[in-house]
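Report on one structure; see the data block that follows.
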Amino acid sequence: MVEHTVRSFDADLETLDRHISEMGGIAEKMLADAMDALSTMNVELAQKVIATDVRLDVLQRTVEDLAVRVLARRQPVAVDLRDVVGVIRISADLERIGDQAKNIAKRAAKIAGESRIPRAVVGLRSMHDLAATQLNDVLDAYAQRDVERAKAVWNRDLELDALEDSVFRDLLTFMMEDPRNITFCTHLLFCSKNLERVGDHTTNIAETVYYIVTGESMPGERPRGIDSSTLP
């Protein structure tokens, strides 16, 4: 971090960084707990995830309020301006990741009493593991202002898209094998889409990290996988 003549400016930037770190930790925990709740049909854990989302929302508003005050008071330029704008963007993506985790937890609580197909959750667990790794890596990339690590996260998004496609096909197979599986598997389809969205948000954060460090947009088109909504 660049040292400034006005020490309170440095203090504001450090506070913003700490808030992002805290938001990232909460989002990671929510995502892990939501997946555990889904895997074990643990309603109590699911409710805990849902309740935690409020804390993430409050932190995002705190980040935005402080960032706006910094922009108004300091009128930063160059890398300082990119830092503040980047923090606003990243906080929004982390809040959305919390929303995706909350949605998974809500599904887990809703289907907890239904008959289970243990193998139907295996693919979702793989999706979660990759999404969680992406999130952890992009948070590290932000903390270290590491462009190469951010680019690696950006390039790996296709892997999560491919996993979602595989999960989509598996769940359709389970539904065709036994119509009694339709409701259960439909909820899992929504969960797979939530996990895919987590990947989208980590990709957004990777692009923001690249912008903060270089002042430019990530080169090339964003990697795109198959849209499962178009599959027969």
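The values are calculated or read from the model by the stated rules, or taken from the named source; none is laboratory data. Being a predicted model, the structure only gives us computed values, none of them experimental. A quick note on method: Cβ atoms are made from the backbone with ideal geometry, for glycine too, and the neighbour counts reach across all protein chains shown. Only protein heavy atoms, including side chains, enter the accessible area calculation; ligands, DNA and RNA are left aside. Shrake-Rupley method; radii C 1.70, N 1.55, O 1.52, S 1.80 Å.
Observations on the model:
- The alpha carbon convex hull volume per residue for the chain rounds to 106 Å³.
- Taking every Cα-Cα distance in the stretch 61-107 and sorting them into 5 Å bins starting at zero, the pair-distance distribution P(r) comes out as 5, 21, 22, 17, 12, 9, 7, 4, 2 percent.
- Considering only alpha-carbon pairs that sit under 8 angstrom and 6 or more positions apart, the relative contact order computed for the stretch 1-137 is 38 percent.
- Dividing the mean sequence gap of close Cα pairs (under 8 Å, 6+ apart) by how many residues the chain holds gives a relative contact order of 25 percent.
- Working from label points 7 Å from Cα in the Cα-to-Cβ sense, the residue 152 to residue 186 distance is 4.2 nm.
- Solvent-accessible area per residue, Å², over the chain with all protein chains present [probe radius 1.4 Å]: 48
- Computed Kirkwood radius, in angstrom, where 1/r is averaged over Cα pairs of the stretch 132-232: 14.7
- Sorted largest first, the principal axis extents computed over the alpha-carbon atoms of the stretch 1-93 equal 54, 20, 18 Å.
- Loop-resident sites, the stretch 166-226, for trypsin sites (Lys or Arg not before Pro), counting at most 11 other Cβ within 10 Å (DSSP): 224
- If you count Lys pairs in the chain whose Cα atoms are under 17 Å apart, skipping same-chain pairs closer than 8 places in sequence, the total is 10.
- Residue-averaged 222 nm ellipticity for the chain, from DSSP H runs of 4+ at -39500 (n - 2.57), nearest 500: -28500 deg cm²/dmol
- Sulfur and carbon atoms: percent of accessible area, the stretch 35-123 [1.4 Å]: 52
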